[in-house]
Amino acid sequence: MKKNLTFIFLLISTLSFSQAVTQKIFDGNINGKIPITLTLNLDGGTVFGNVIYKKKGIPISVIGSQSKNTLFFHELMPDGQVTGIYSAELKGDKITGTWNAIKVNAKDLSLSLSKTQEQIIPRKSLKSVTGTYRYSFGENGGAGEMLVQQIGNDKIAISFNNVTSAPAYNMASIGRTILKYTNNQAIYSNQEFGKCKFKITFLENGAKVDFMEDAYDCGFGHNASTEGNYIRVNSSLPKFEE
């Protein structure tokens, strides 16, 4: 009986942990003179949250990745414009690295942050992921659009229309496709042009798309991809192209 109770306790603990996210809050500056507060939710290899420039006081969404101690994430406006790229190292209670403004000839600026708070929070189960998701690196930069329709609790319809930067403007397009949806994630897999497989992770106000198993053969144009960090620009039911 004791062994059974121990097993049940461990199982409940494991399930509870799997539904938890570590949230860390950092204070510091960009370039030694621009004060910011950065809130990061660390969920496996995914990071998301917001940054507040203290002089303006308006939260801006951030979405990206963590690989061991390396952080790489984008700062995205509500319309999908990427306004900053963070490339940094998380070591102990410190984040150090660079920030770049996504402008022609923009220089990397130093990033220095210290942790002020840490807590475990529950992972939110999203009620609906229907909407239009976008990212854009400016007028001549790459851009992406993902349309999503939730169909019941366990299926979604998706499509992609992404383009690389000038002057090539190569395309990565996927027509309306039904995917299984569970635990805020969906996986696309296709072998029409080779092995193509990627995961869509939905967040509170966006999504993150990552290729899996080095399966990049999707029939896209040169360097074109569905991979990226997307903001949901609206939650209305999108109109898919026929």
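For the chain, which span is the longest to avoid every loop-located (per DSSP) member of chymotrypsin sites (Phe, Trp or Tyr not before Pro) having at most 15 other Cβ atoms inside 10 Å? If you can, show how the numbers build up before the last one.
Working: sites that count: Tyr169, Phe193, Phe240.
For chymotrypsin sites (Phe, Trp or Tyr not before Pro) (loop position, at most 15 other Cβ atoms within 10 Å), the longest site-free span of the chain is 1-168.
Place a +1 charge on the Cβ of each Lys and Arg in the range 95-140 and a -1 charge on the Cβ of each Asp and Glu, then give the dipole magnitude about the Cα centre in debye, rounded to the nearest 20. Provide the component values of the computation, followed by the final result.
On the way: 7 positive and 3 negative charges, 48 e Å.
Using only the charged Cβ atoms, the result is roughly 240 debye.
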Counting alpha carbon pairs within less than 8 Å and at least 6 residues apart, what relative contact order, in whole percent, applies to the chain? 15
The ³J(HN,Hα) series, computed from each phi in the range 131-138 with the Karplus coefficients 6.51, -1.76 and 1.60 at θ = phi - 60°, rounded to the nearest Hz and given as x for glycine or proline, is x, 10, 10, 9, 9, 8, 9, x
I'd like the carbon and sulfur percentage of the solvent accessible area for the chain, probe radius 1.4 Å, heavy atoms only, ligands and nucleic acids excluded. 52
Could you tell me what a quarter of the Cα convex hull surface of the chain works out to, in nm² with one decimal place? 16.2
Placing +1 on each Lys and Arg Cβ and -1 on each Asp and Glu Cβ in the chain, then taking the dipole about the Cα centre, the residue among Gly175, Gly228, Gly97 whose Cα reaches farthest towards the positive end is Gly97
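With every protein chain present, what is the per residue accessible area of the chain (1.4 Å probe, Å²)? List each step's numbers first, then the result.
On the way: 13770 Å² over 242 residues.
Heavy-atom SASA per residue in the chain reads 57 Å².
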Among the listed pairs Lys115/Lys155; Lys55/Lys155; Lys107/Lys208, which are separated by more than 31 Å between their Cα atoms? Lys115/Lys155; Lys55/Lys155
Which distance in Å, rounded to a whole number, links the C-alpha centroids of the range 192-242 and the range 22-85? 22
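Could you sort Ile34, Ile158, Ile25 by their accessible area in this structure, using a 1.4 Å probe and putting the largest first?
Values: Ile34 60, Ile158 0, Ile25 30 Å².
Largest accessible area first, the list is Ile34, Ile25, Ile158.
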Taking the Cα centre of the chain as the origin and placing charges on Cβ (Lys, Arg +1; Asp, Glu -1), which of Gly219, Ile36, Thr83 is farthest toward the positive end of the dipole? Ile36
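Taking the Cα centre of the chain as origin, work out the dipole magnitude from +1 charges on Lys and Arg Cβ and -1 charges on Asp and Glu Cβ, in debye rounded to 20. Write out the running numbers ahead of the final one.
Details: 26 positive and 20 negative charges, 171 e Å.
That gives a dipole near 820 debye.
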Given unit charges at Cβ for Lys, Arg (+) and Asp, Glu (-), the dipole magnitude of the range 152-242 about its Cα centre in debye, nearest 20, is 220
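With r defined as the distance between the Cβ atoms of Met77 and Ser236 and R0 fixed at 22 Å, what FRET efficiency is calculated, to the nearest 0.05?
Values: r = 19 Å, r/R0 = 0.85.
E(calc), rounded to 0.05, equals 0.70.
Ile58 to Glu204: FRET efficiency via 1/(1 + (r/R0)^6), r the Cβ-Cβ distance, R0 22 Å, to the nearest 0.05? Present the calculation step by step, with values, prior to reporting the outcome.
Details: r = 17 Å, r/R0 = 0.77.
With R0 = 22 Å, the Cβ-Cβ based efficiency is 0.80.
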Residues whose built amide H sits under 5 Å from the amide H of Phe240, excluding neighbours closer than 5 in sequence, are none
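Trypsin sites (Lys or Arg not before Pro) within the range 61-97: which are DSSP loop residues with at most 14 other Cβ atoms inside 10 Å? Display every interim value, and only then the final one.
Numbers: sites: Lys68, Lys91, Lys94; in loops: Lys68.
Answer by residue number: Lys68.
The values are calculated or read from the model by the stated rules, or taken from the named source; none is laboratory data. On a predicted model such as this, the values are computed, not experimentally measured, just so you know. We place every Cβ from the backbone using ideal geometry, glycine too, and count neighbours over all the protein chains shown. Just so you know, the surface numbers come from the protein's heavy atoms only, side chains and all, with ligands and any DNA or RNA stripped out. Shrake-Rupley method; radii C 1.70, N 1.55, O 1.52, S 1.80 Å.
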